[in-house]
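Below: one structure, written as structure tokens.
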Amino acid sequence: MSVTVARQTELDRTRFFINGDWVKPQGTETIRALEAATGEPLGTAAMGSAADIDTAVLAARAALAKGPWGRTTPAERAEIMLRFAERLAARADATAQLVSRENGMPMALSPLANGAAPVGLLHMYARLITGIALEEIRPSEVGATIVRREPVGVVGAITAWNYPQLLAMVKIAPALAAGCTVVLKPSPETALDSYVLGEAAREAGLPPGVLNIVLAGPEAGAALVSHPEVDKIAFTGSTPTGRLIGAECGRLVRRVTLELGGKSASLFLDDGNLQTFLTGLAGTTFMNNSQTCTAQARILVARSRYAEVVEALAEHTRDLVVGDPLDERTQIGPMASEHQLARVLSYIDAARDSGARLVSGGGRPKNLDRGWFVEPTVFADVDNSDRLAREEVFGPVLAVIPFDGDDEAVAIANDSNYGLGGSVFTTDEERGIDVARRIRTGTIGVNYYALDAGSPFGGMKDSGIGRELGPEALDAYLEYKSIYVSADRL
Ligand code: NAD
């Protein structure tokens, strides 16, 4: 199976990657992938059942317990991970285009999010695992203790569709580095691209069963969560699904990390630089058509600058280039699916009825009559208790809210069930850092927002439990063990 992205070609992904091979599904269900920009067929993929998940999990368990992976040294794993990175890099351009066609991600972002970043993560965790001691000895009251860090075991990775390659790799790379094996269940919304990971892994000589990929829906996903041979679940998706998965993992006393939704705030203080703020919107708010968990769609503006900022936002969003994600000039591509478009439009309709003031956008672009496009939309005078300010829209719909003074800005930002991203715009960086310290969120930028792979990423409150990225993410894939021995070994 190879990736081709010529527009006329439909892709066929009707086998799963299990135990190092392309395996026929045990059921007959398939899914038709449609191109976000056109609604035209893009390919067909098999949907896995609980039985396919079971085969994949048993392969992952065998690779750990009987296969060579459980006996590899960090240096050996790092070497294979670098080969995996090389094979993935060779496919990066094609993968970026494919994902853009699947979920509408503009090509200004896709080669990074679906190419360079996942490749970089394999490099980073290969380096990190060879740089830390996985075993040390310390004196104890009666002798000595060997403190070991061992792989947590078989990892079930369940991902969302908005950054399919990146969300998979933020789990796979630290898991492989730690010595775990993985069963990846990608989202059916992006049904076609994850098998690229299987092709690259196979070419790189990753031993059979170390990485397995089964596309499936919620039911088979639930079977992965509760499979008795799974030791840990790494989940990225919505908060409602995260609650279900967290509850099941609690019942099973299964390790779990949850990367969930958000409704983050971008704060424009009274001394903010308007141009810096407008330029920053590409990273704070509109990244990937605002189909981003950290999208800062609550825009809190100092009242003394409110009229000026609302007007500038309206003009800025009207000027954004909405169109084909494969066109490099495009700033806002389509929503990933018809379902997502309907969801975004329903939030726009509800906001119109709420008393908020529509200042730009508000519907579908007139010149784009196919695909799942929506106009970047700005509502001003939103109340922080309105639905638009409380719920995740997952599309380019902004809620602008005025505030009086930094204390009120912090209070409004924190008046949210979520705590994932955020930003503060001010010409006084010290003041910005002070405000950032007071906001209950996992990540926040001062005068820009950009993910740093070398630092932990994750959510507070309903945005999740645990952290990905940075050396800290390795903790989620390693268990401590203490072996009590004689003082002779010191
Ligand atoms: P979703 O919760 O509907 O689905 C996520 C994944 O879970 C999919 O693979 C889906 O098939 C699977 N799934 C659904 N029900 C399941 C169940 N009961 N058991 C096991 N698996 C199940 O989310 P989505 O619509 O695909 O993604 C969008 C959401 O993801 C947004 O809320 C967004 O904020 C969030 N997200 C968070 C982060 C982060 O790092 N915090 C990153 C990207 C996306």
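The values are calculated or read from the model by the stated rules, or taken from the named source; none is laboratory data. In this text, all values refer to a predicted model and were calculated from it rather than measured experimentally. As a convention, Cβ positions derive from the backbone with ideal geometry for all residues, glycine included, and neighbour counts pool all protein chains shown. The accessibility values were calculated without ligands, DNA or RNA, using every heavy atom of the protein model including side chains. Shrake-Rupley method; radii C 1.70, N 1.55, O 1.52, S 1.80 Å.
Points to keep in mind about this one:
- Share of carbon and sulfur in the accessible area of the stretch 265-455 stands at 45%, probe radius 1.4 Å.
- Among beta bridges that DSSP assigns inside the chain, antiparallel share in %, nearest 5: 45
- Under the Debye formula (equal points on every Cα, no solvent term), log10 I(q)/I(0) of the stretch 265-455 at q = 0.17, 0.18 Å⁻¹: -1.08, -1.21
- Cα gyration tensor, the stretch 375-490 - rounded (a/c under 1.5), prolate or oblate: prolate
- Between D404 and L252, the C-beta separation translates, for a Förster distance of 35 Å, into a calculated FRET efficiency of about 0.10.
- The gain in end-to-end length when the E472 to S385 segment is fully stretched comes to 27.8 nm, 0.36 nm per residue minus the alpha carbon separation.
- Paramagnetic label reach from R71 (point 7 Å along Cα→Cβ; backbone nitrogen cut-off under 18 Å): within the stretch 191-219, residues 206-210.
- Förster-model FRET efficiency, 41 Å R0, R357 and T44, C-beta, rounded to 0.05: 0.35
- Subset of K232/K263; K263/K461; K263/K366; K232/K481 violating a 22 Å alpha-carbon distance limit: K232/K263; K263/K366
- Expressed to the nearest 5 percent, the antiparallel share of DSSP beta bridges inside the stretch 265-455 is 15 percent.
- Area of M105 that stays accessible when all protein chains are in place (1.4 Å probe, Å², to 10): 0
- Set of lysines with alpha-carbon distance to K24 below 20 Å, sequence-local pairs under 8 removed: K185
- Average Cα contact separation per residue, the stretch 238-374, under 8 Å, 6 or more apart, as relative contact order %: 19
- Rolling a 1.4 Å probe over the heavy atoms of the protein chains gives the stretch 265-455 an accessible area of 41 Å² per residue.
- Both radii come from the Cα set of the chain: Rg as radius of gyration, Rh as Kirkwood radius; their ratio Rg/Rh reads 0.99.
- FRET efficiency for the pair L244 and I465, taken as 1/(1 + (r/R0)^6) with r the Cβ-Cβ distance and R0 = 22 Å, rounds to 0.95.
- The chain - mean residue ellipticity at 222 nm from DSSP helices (-39,500 (n - 2.57) per run, n ≥ 4, rounded to 500): -11000 deg cm²/dmol
- Between helix 195-204 and the chain there is an angle of about 40 degrees, using the helix long axis and the longest principal axis of the Cα atoms.
- Distance in nm between pseudo-label sites at R15 and H339 (7 Å out along the Cβ direction from Cα): 2.8
- Tilt relative to the chain, helix 429-438 - C-alpha long axis, 0 to 90 degrees, to 10: 70
- Taking the DSSP bridge list for the stretch 121-243 and keeping only pairs wholly inside it, about 30 percent are antiparallel.
- Relative contact order %, the chain, counting alpha carbon pairs below 8 Å whose residues are six or more apart: 18
- Extending 7 Å from the Cα toward the beta-carbon at both S486 and N414 defines two label points whose distance is 5.7 nm.
- Only protein heavy atoms count here; under a 1.4 Å probe, I18 has an accessible surface of about 10 Å².
- Using θ = phi - 60° and Karplus 6.51 cos²θ - 1.76 cosθ + 1.60, couplings along the stretch 36-48 (whole Hz; Gly, Pro as x): 4, 7, 10, x, 7, x, 10, x, 10, 9, 7, 9, x
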